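Q: Got a structure for you, questions after.
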Amino acid sequence: MQAFLIFFIIPMVLGFWAQHRVKSTFAKNLEVPVANGMTGAQIARRILDANGLNEVPVEETPGSLSDHYDPRSRSVHLSEPVFRGVSVASTAVGAHEVGHAIQHAQAYAFFRFRSAMFPAVQFASNIWMLFLLGGIFLNILGFIYVAIALYGVAVLFQFVTLPVEFDASRRAKRQLSDLGLVASNEATGVQATLKAAAWTYVAAALAAVAVLLYYLSMLSNR
């Protein structure tokens, strides 16, 4: 019971807290207009062009908080509230996603490592549970070792993601400041939005490592 509490309940609570925080902070700052009157899409376009990334498109994508940068097509995708929104939140998120495009263009080491890992992580995430269940039901210890190793790849990916996301936010804040796209009184809201989003990645990484430790403890007991 104690192991279950440590490895599952606590990370789950932390994850729910992080999700609630990012949603509430985003919703709050979505209601705060920016003085420049620019939408998130216009902010993204302005920063891209200022960094010589004129060929990178900014496209609208369905959903809420579904914003992302696609390194395969070298394109920025913003959700409707960000793409069309004229707010502190849309400014922060639009600039953050462009931060990833700048990382890509400048061959930022962690971004390159994360991109290189992605195919292996996709494979590992799809198959590790099959090995785990097979090892348990067929009583094949080797399968369990393989399952934990595969899950370990996914955990590593979560931790590589952290510096990528923190660096994108750092780049976003610097670009917004250098280009004069936010007033001094708006910078606090931008910081709060980016910080809340970062916590979701921290929570995901902690939850992933907690699950890994749980399975390692099970294997040790076995």
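Q: Can we say Val93 is touching a helix residue (DSSP H, G or I) at 6+ places or on another chain (Cβ under 8 Å), in contact (Cβ under 8 Å) with a residue 12 or more places away in the chain and under 27 Å from Ser184 (Cβ atoms)?
A: Yes: the conditions hold for Val93.
Q: What number of residues within the stretch 132-172 satisfy the criterion of being among the polar types (S, T, N, Q), at pLDDT below 95 and within 24 Å of the chain's Cα centre (by Cα)?
A: Adding up the residues that qualify gives 1.
Q: Quick one: in the stretch 178-222, of everything that is of a type in the set (Val, Ile, Thr) and in a helix (DSSP H, G or I), which residue is surrounded by the most Cβ atoms within 10 Å (Cβ to Cβ)?
A: Ranking the candidates gives Thr193 first.
Q: When residues of the stretch 55-87 are filtered for being of a type in the set (A, V, I, L, M, F, W, C) and out of contact with any strand residue (DSSP E or B) (no Cβ under 8 Å at 6 or more places or on another chain), how many remain?
A: 1
Q: If we keep just the residues of the stretch 139-164 that are of a type outside the set (Ser, Thr, Tyr) and in contact (Cβ under 8 Å) with a residue 60 or more places away in the chain, which is nearest to Leu216 (Cα to Cα)?
A: Ile148
Q: Can you tell me how many residues in the stretch 196-222 are without any contact (Cβ under 8 Å) to a residue 24 or more places away in the chain and within 25 Å of Gly15 (Cα to Cα)?
A: Taking the stretch 196-222 first, the residues without any contact (Cβ under 8 Å) to a residue 24 or more places away in the chain are 218, 220-221.
Those still in the list that are within 25 Å of Gly15 (Cα to Cα) too: 218.
The number of residues fulfilling the criteria is 1.
The values are calculated or read from the model by the stated rules, or taken from the named source; none is laboratory data. No experiment lies behind these values; they were computed from the predicted model shown. Positions of Cβ are backbone-derived with ideal geometry, glycine not excepted, and every protein chain shown enters the neighbour counts.
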